[in-house]
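Colleague: Dumping the structure here so I can ask a few things about it.
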C-alpha cells in the first residue's frame, strides 16, 4: 500500500577530501591569459527543455544533465610549463547554459598532478583537484561555474601523463544561475536565480541571532540531473563527527557520486542575495531510506574541514511537543533562510507516519526546502520538513508538515531507520549537538606593503604624511560613511590619538580597506578589516604596529586592498592565510596581481596604486559624464580654479591635506597623467573583479 504524502516539490537540484581544493592555480592565473584554440566537446542530442517544468507545476529544477564523452589525456591539447610540468587542456561547451558543472566517469591522478576547472571568462576556477579528491568508485564531480563553457586544465609532472585518467561523462547544464545576485537597489533577494519570495528571512538577519551555531548544520546539495534540496548534518551518540546527512527521500536519486554539497552558502547581511559557494564536498553514500517516512540518511564522502566550521545537529526523539519550532533552509537554491512558528505544532498522521504541522509566523518554506531541519525551542532536531510550500500571502492559512524524528528512528531494519546509525545502542532519547571546532577561532593575519601613487615621494621612498601631521586623519575609519559595503560586522574600526601622534617613517598616511575574498570568486568579499597605512608602505592594524587580523578560519583567500581615492589591487591567486602572516609586497614588480602589470603604476621602479578615483566609481576619468576632474573643481568653488580647500576630502588625490585644481601640487594633473596625458577622453579602468 502506498501512503498519501503531499511533498514540497524538492528542488531536487545539488571524497577522501570531497571537493576541497589541494592548492595551486591555473597557469598564468591573474594575467588574463587566453586559452587559444582548444579541442572542444559538446553534449549530443537536443537540450532537455525541463526549464519550463516549474511553471507547469512539476518538479522544480535549475538545469538538466547532458551526456558527452571526452578524454582529457588522449584528446587534450598538451604543452610544457616551467618547473617540469606538462599541461593538458580541453574545452567543454553546452550552448545557452548559464552555468556548468562537470561529472567525471573516471578520475585517477598520480601524486603531484592537479586538475583545474576554469570558467571561460577566466574570472573563477575550481581546484586544484588531485589524488586526495578521488572518490572510492573512481568518479568525481565539480560544483557549478558561470557561463556556457569551461576549460579543463591538467598540470602533471613530466613523465607521469600516462599515469593519469580523466574521462568526462556528462555536464550539468544550468538553465539559470542559481547563485545570481539581486538587481541593484533591491532590499531583499528578489532574484537569486529563481524567485525566492521576498518574505523569506536571511539567516543572518537579527531574527537569526540565536541560531548562528545551529545554522552551520544546514547545507544545500545539487544533483547532476539539475535538482537538489536542503539537508542537515546530524550528530550521533559517539560524538565523533561522522558526516551523516539527513534529507527527504523524495530528494534522493542513486547518482550520489555527482552530488555537490554547499556549506555556508548564505548572505553576510540581512538584505543580501549572494554568498560564498566555494565550501563544497562531492559525493555521498546512502545508509538508510524509507519511502513512507520520506527520509534518507547519507554519509558524505568526507567530513567538512575546519574551515567550513561544521556543526552536527543534536536531536530529541522523545516525541514531546515543542513549544515553538524553527527551520533553516535553502528555498529555490537561495542563500540560507530561517522561518519561525512561535506556537506549538500540532500532531497528525498519514499512512502510519507521524507528522508535525506548523503555521509559520515569520518566514515560509518553498520548493527546495524539502529535508530542511525542524528544531524545537532547545535547538534540537525533532523532524525534517517534507510538505507545505507557501507564498507570502497564504502562510497564515497553509501549513507545512514535518516527519517526526521519533517516527524516522523506527523501522524494520538498519536500511530504513535512523537509530542504527545515530544511536546504535538504541538507549538515547535526547542528544546535544556536536561542534568539533567549538574553541575560539584563532584569527588569521595579513601582512601587506602598499604604496599610494598620490602620496608617494620617490626622493625618499616614503609616502607623505601630511594628513596626519595636520591632524586630518580621523580616529574612525571613513569607508562606512562613504557607503562601502559592511561585511561580516566590519566597520567602525578606530585607532587612538597616541597612534596618530607617532612620527617618522612608521607614521600613519591614511586609512585603507583590506578585503578577504572568496577563493574561487574574487568578486565576492567574505571579510573586511579597515587598517592603517604607514609612510613606509606597511599596512597595520589599528594599534599601529600589528599585522591586520581577521576573525575567519584559516583557509585560502583572495586578498585585496583599496583606498578611498585610488584604484584597488588584488593578489592574483588565493593566499593560504593562518595565524602567522607572510609579507605580500604589492610594490614589487615580481608580485603577481590580478590583471597583471596593469593593476598598478610603476613610479621609479616601485609599483603604486593608481591615484585619481575622486568619485568612488572604480575608474579614473578626465572628461565626460562621471569624470573625476569636475569634483575637484566643484570642491574649490567651481568658479575660480586657483582656489584651494583644506581638509580631509576625497578630491585630495595627492593626500597633502589641500584640494587644488590648478597650480603647483594640484590634484587634477594626477587624473590627466593616469589616463595617458594626451587623450582626455581616455578612461583608466580599475581591475578589481
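Yes or no, residue by residue, for (1) surrounded by fewer than 18 Cβ atoms within 10 Å (Cβ to Cβ); (2) under 22 Å from the mean Cα position of the chain (by Cα); (3) under 19 Å from residue 607 (Cβ atoms); (4) at pLDDT 95 or above:
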position: 448; (1), (2), (3), (4): no, no, yes, yes
position: 452; (1), (2), (3), (4): no, no, yes, yes
position: 460; (1), (2), (3), (4): yes, no, yes, yes
position: 477; (1), (2), (3), (4): no, no, no, yes
position: 494; (1), (2), (3), (4): yes, no, no, yes
position: 501; (1), (2), (3), (4): yes, no, no, yes
position: 513; (1), (2), (3), (4): no, yes, yes, yes
position: 530; (1), (2), (3), (4): no, yes, no, yes
position: 543; (1), (2), (3), (4): yes, no, no, yes
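Colleague: Would you check which residues across segment 137-174 are in a loop (DSSP other than H, G, I, E, B) and under 24 Å from the mean Cα position of the chain (by Cα) and list them?
Modeller: 142, 143, 144, 147, 148
Colleague: Please list, ordered by first then second residue, the pairs with beta carbon atoms under 6 Å, 6 or more apart or interchain, first in segment 315-332 and under 21 Å from residue 435 (Cβ atoms), second assigned to a helix (DSSP H, G or I).
Modeller: Once the first residue is under 21 Å from residue 435 (Cβ atoms) and sits in segment 315-332, its partners that are assigned to a helix (DSSP H, G or I) give 315/405; 317/405; 317/406; 328/215.
Colleague: Condition first: out of contact with any strand residue (DSSP E or B) (no Cβ under 9 Å at 6 or more places or on another chain) and either surrounded by 18 or more Cβ atoms within 10 Å (Cβ to Cβ) or in the same structural domain as residue 465 (by TED's automatic domain parsing) (or both). Now tell me which residues in segment 632-647 satisfy that.
Modeller: Selection gives 633 alone.
Colleague: Another question, then. Kindly indicate whether residue 548 is under 25 Å from residue 453 (Cα atoms), buried (at least 20 other Cβ atoms within 10 Å of the Cβ) and under 27 Å from the mean Cα position of the chain (by Cα).
Modeller: Answer is yes for this residue.
Colleague: Right, next: For residue 558, which of the numbered conditions (1) closer than 17 Å to residue 688 by Cα; (2) surrounded by fewer than 23 Cβ atoms within 10 Å (Cβ to Cβ) fails to hold?
Modeller: The single condition residue 558 does not satisfy is (2).
Colleague: Are any residues in segment 306-331 surrounded by fewer than 24 Cβ atoms within 10 Å (Cβ to Cβ), out of contact with any helix residue (DSSP H, G or I) (no Cβ under 9 Å at 6 or more places or on another chain) and closer than 28 Å to residue 270 by Cβ, and if so, which ones?
Modeller: If the condition is that a residue be surrounded by fewer than 24 Cβ atoms within 10 Å (Cβ to Cβ), out of contact with any helix residue (DSSP H, G or I) (no Cβ under 9 Å at 6 or more places or on another chain) and closer than 28 Å to residue 270 by Cβ, then 306, 307, 322, 323, 324 are the ones that fit.
Colleague: Would you tally the residues in segment 648-672 being within 17 Å of residue 603 (Cβ to Cβ) and out of contact with any strand residue (DSSP E or B) (no Cβ under 9 Å at 6 or more places or on another chain)?
Modeller: Residues in segment 648-672 being within 17 Å of residue 603 (Cβ to Cβ) and out of contact with any strand residue (DSSP E or B) (no Cβ under 9 Å at 6 or more places or on another chain): 3 in total.
Colleague: Considering segment 322-337 alone, what residues qualify as being modelled with pLDDT under 95, in a loop (DSSP other than H, G, I, E, B) and out of contact with any strand residue (DSSP E or B) (no Cβ under 7 Å at 6 or more places or on another chain)?
Modeller: Correct list: 334 only.
Colleague: Check residue 383 against each of (1) under 19 Å from residue 249 (Cα atoms); (2) touching a helix residue (DSSP H, G or I) at 6+ places or on another chain (Cβ under 6 Å); (3) part of a loop (DSSP other than H, G, I, E, B) and name the one condition it does not meet.
Modeller: Condition (3) is where residue 383 drops out.
Colleague: Now, a different point. Quick one: count up the residues across segment 399-423 that are out of contact with any helix residue (DSSP H, G or I) (no Cβ under 9 Å at 6 or more places or on another chain) and either surrounded by fewer than 16 Cβ atoms within 10 Å (Cβ to Cβ) or farther than 29 Å from residue 345 by Cα (or both).
Modeller: Selection size over segment 399-423: 2.
Let's see how each residue does on (1) part of a loop (DSSP other than H, G, I, E, B); (2) modelled with pLDDT under 95:
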{"site": "90", "(1), (2)": "no, no"}
{"site": "97", "(1), (2)": "yes, yes"}
{"site": "100", "(1), (2)": "no, yes"}
{"site": "111", "(1), (2)": "yes, yes"}
{"site": "118", "(1), (2)": "no, yes"}
{"site": "121", "(1), (2)": "yes, yes"}
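Colleague: Next question. Quick one: which strands (runs of 3 or more DSSP E) lie wholly within segment 592-667 and hold at least 1 residues that are farther than 26 Å from residue 480 by Cα?
Modeller: Once the strands (runs of 3 or more DSSP E) in segment 592-667 are filtered for at least 1 residues that are farther than 26 Å from residue 480 by Cα, what remains is 601-603, 606-608, 644-646.
Colleague: Okay, next question. If a residue counts only when it is more than 28 Å from residue 125 (Cα to Cα), which strands (runs of 3 or more DSSP E) contained entirely in segment 210-299 have at least 3 such residues?
Modeller: 244-247, 284-290
The values are calculated or read from the model by the stated rules, or taken from the named source; none is laboratory data. What you see is a predicted model, and the numbers here were worked out from it, not measured in a lab. Cβ atoms come from the backbone with ideal geometry, glycine included; neighbour counts cover every protein chain shown.
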